[in-house]
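Written out below as structure tokens is the structure these notes cover.
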Amino acid sequence: MKFQHIIHFLIGGTLVFSSLNCASNKIDSSRKLIWNDEFNYKGLPDSTKWNYDVGGDGYGNNEAQFYTKNRLENARVKKGKLIIEARKEDWEEKKYTSARLLTKGKFSLQYGTVEVRAKLPKGRGTWPAIWMLSEKMRKWPNDGEIDIMEHVGYNQGHIHASAHTKDHKKKINTQKTDTIIVKDASEKFHVYKMNWTPEKIEVYVDNKKFFTCINEEKTYDAWAFDQPYFIILNLAIGGSWGGIKGIDDTIFPQKYYIDYVRVYKNK
């Protein structure tokens, strides 16, 4: 087991967090593990667990990459890690390639805990994320989005968590969100965790809680989080947020490492 030393303090209202080491890789036997990928194999991501989104339409975010499928250059498992790699290369009509993996159609969750141990890419224009959408998504964001981790490379070390619904959405700046600073997010692995119950959503980095979304209004427009959601891991390039300050073409290729994804049913 690895032990950690934690220091946290406030700078300008933002929680700053430093970890000299990361949490243990050991599966928590006190909770019921219902789905996981430890990436203890080699090659393409396990097709029994992961699907792909494919395309270069920007997915509503004006992203600059083309998401590929079954291409080792963009998504592969090696030495116990999933690697999502963004590359500067012409593909279709885009100048970059990357991958967006999702458990849609393979696994979905309604309430529980999601843990992802990851090391993030670095550089202006990168936009990695760990997030969730409804299996029955009809219209975004009315049917909800849960962002467990987002990081935009022009603001290195700032980790964001958010919840979006019809009443709480980024377009009108009413989304529920918060930020923690993890200075070594691109140098070391950290555990990004979400606890989800009918009453609230809580997000942590290495067991330090920094975001809470409470089911206060008890309406679907404000709380769409009472239905099955699937998990998404992706590395976007540019876009309406990640590309605000442009893309630094000298940084490529950039790699997003995921050590494991674990989902627990809470007692």
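The values are calculated or read from the model by the stated rules, or taken from the named source; none is laboratory data. In this text, all values refer to a predicted model and were calculated from it rather than measured experimentally. Cβ coordinates were reconstructed from backbone atoms using ideal geometry, including for glycine residues, and neighbour counts include every protein chain displayed.
Taking the stretch 238-267 as the range and being under 17 Å from F66 (Cβ atoms), in contact with a strand residue (DSSP E or B) (Cβ under 6 Å, 6 or more places away or on another chain) and in a loop (DSSP other than H, G, I, E, B) as the test, the residues that pass are I247, F252, P253. Being crowded, with 18+ Cβ neighbours inside 10 Å and more than 21 Å from G112 (Cβ to Cβ) is true of I181. Checked against (1) in a loop (DSSP other than H, G, I, E, B); (2) under 18 Å from the mean Cα position of the chain (by Cα), E85 passes all but condition (1). For residues that are assigned to a loop (DSSP other than H, G, I, E, B) and polar (S, T, N, Q), scanning just the stretch 215-235, find the one that is nearest to E135 (Cα to Cα). Going through the qualifying residues, I end up with Q227. The criterion of at least 1 residues that are among the basic types (K, R) and touching a residue at least 60 places away in the same chain (Cβ under 8 Å) is met, among strands (runs of 3 or more DSSP E) falling completely within the stretch 19-79, by 32-37. Taking the stretch 104-140 as the range and being more than 14 Å from Q227 (Cα to Cα), of a type outside the set (G, A, S) and out of contact with any Phe, Trp or Tyr (no Cβ under 6 Å at 6 or more places or on another chain) as the test, the residues that pass are K106, V114, E115, L120, K122, T126, W127, W131, K139, W140. Scanning the stretch 202-218 for residues that are within 11 Å of V191 (Cβ to Cβ) and of a type in the set (K, R) yields one hit, K208. Filtered by the rule that a residue be part of a loop (DSSP other than H, G, I, E, B) and either of a type in the set (F, W, Y) or over 17 Å from the mean Cα position of the chain (by Cα) (or both), the stretch 96-117 gives G105, K106, F107, Q110, Y111. When the residues of the stretch 114-132 are filtered to those that are closer than 17 Å to G238 by Cα and touching a Leu at 6+ places or on another chain (Cβ under 8 Å), the one that is surrounded by the fewest Cβ atoms within 10 Å (Cβ to Cβ) is A129. Just one of the listed residues (K136, K166) is surrounded by fewer than 22 Cβ atoms within 10 Å (Cβ to Cβ), closer than 18 Å to N61 by Cα and at pLDDT below 95, and it is K166.
So that you can scan it fast, the table gives a plain yes or no per residue for (1) β-branched (V, I, T); (2) buried (at least 20 other Cβ atoms within 10 Å of the Cβ); (3) more than 19 Å from G242 (Cα to Cα):
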| site | (1), (2), (3) |
| --- | --- |
| N61 | no, no, no |
| T68 | yes, yes, yes |
| K78 | no, no, yes |
| L82 | no, yes, yes |
| E89 | no, no, no |
| L101 | no, yes, no |
